Structures are given as structure tokens and as C-alpha cells.
Amino acid sequence: MQRLRAGPLVEKISFSIGAEVWLDGGHNPHAARALTRVAADMEERDPKPLILIVGMQHNKDAAGFFREFAGLAALACTVQAAHPGAYSAEDLSSIAANAGVASQPFQSIEQAIDFVLDTRDAAVRIIICGSLYLAGEVLRTNT
């Protein structure tokens, strides 16, 4: 898990609402358990609503991944990872909702971030995760 501290995506949201932005390639239930342990520890030390931005491939257990975040994540903003075989944002949002995580689909990471900026007036903790392809896209976009 990598904290993003600089770059166009991060600076926009950090400046506006003081958010923390983290990036992780975790994309299965086992990785989600590790992420939720880290997020719960951070929550205990410095409480902030947890917002996920998630894109994921069809061959991953999306329901199992999201179930790990039920009761911890305030919202999952779903996006389609830039790779053939990725879930659509709409399908992934439906899976998240069925797994107990409030969710909303977006056409891009930037749109998801704009939504967070428009709807949150206090600091949040954002974890972008679910796909190594998505992580790569974020790193490219954020340079």
C-alpha cells in the first residue's frame, strides 16, 4: 500500500478537503482482508470516512473482495479498469451494493474524485484498489 502525496489527482483532492489518498493493487478477498486491517488501524488512530475507488477484472472474486469492506467503507466509487475483461463500473457497483457496501459507478477515476470533492466537506481516507491495471493507470495519470 502506497500513500500518494503529490501529483495532479492527489493535489486536487488533498488541497480541497485534506484527504489521504492511498494506492494498492489488491484485487482478491485475501488482499481485501489485509487492506481492511490496515484501514481499521488507521481509523483507530485518526478517524476519517473510508472511500474506495475500485476497478476490477472479471476473473476476480469481486463479491468476496467487497464483503471484507462491509461496515468499514462509507462508499465504493466503482470505475472500469482500462483493460479488456474488466467489470463495467455499473456491474461492479451492483456487486459492491449486494455485498453490503454503498456504491456508485463512475466513468473515470477523475469523475469519482470530483464526486468526492463535491459531496464531502471534511477529510476522508481514499483507497484506490482492485486491479494492478488500475494502479498503473493511477500512477501514469498522477505524474
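The values are calculated or read from the model by the stated rules, or taken from the named source; none is laboratory data. The model shown is predicted, which means the values in this text are computed figures rather than measured ones. Here the Cβ positions follow ideal geometry from the backbone for every residue, glycine too, while neighbour counts run over all protein chains shown. Just so you know, the surface numbers come from the protein's heavy atoms only, side chains and all, with ligands and any DNA or RNA stripped out. Shrake-Rupley method; radii C 1.70, N 1.55, O 1.52, S 1.80 Å.
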Over the chain: helical MRE at 222 nm, DSSP H runs n ≥ 4 each giving -39500 (n - 2.57), nearest 500: -13500 deg cm²/dmol
Taking the Cα centre of the stretch 94-143 as origin, sum charge times position over the Cβ atoms of Lys and Arg (+1) and Asp and Glu (-1), and report the length of that vector in debye to the nearest 20. 180 debye
Order these peptides, 129-136, 68-75, by their mean beta-carbon neighbour count within 10 angstrom, highest first. 129-136, 68-75
Pick out, from Ala62, Ser108, Thr119, the residue whose Cα sits farthest towards the positive end of the charge dipole of the chain, with +1 on the Cβ of Lys and Arg and -1 on the Cβ of Asp and Glu. Ala62
Suppose R0 equals 22 Å. What FRET efficiency, 1/(1 + (r/R0)^6) with r the Cβ-Cβ distance, do Asp114 and Ala40 give to the nearest 0.05? 0.20
Check: C-alpha center the stretch 119-143 vs C-alpha center the stretch 17-39, spacing in Å is 10 Å
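Please work out the average accessible area per residue across the chain, using the 1.4 Å probe convention, and give it in Å². List each step's numbers first, then the result.
Details: 6630 Å² over 143 residues.
On a per-residue basis, the chain sits at 46 Å².
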Which of (1) 13.4, 39; (2) 14.7, 44; (3) 18.1, 66 is the computed Rg and Dmax of the Cα atoms in Å? It is (1)
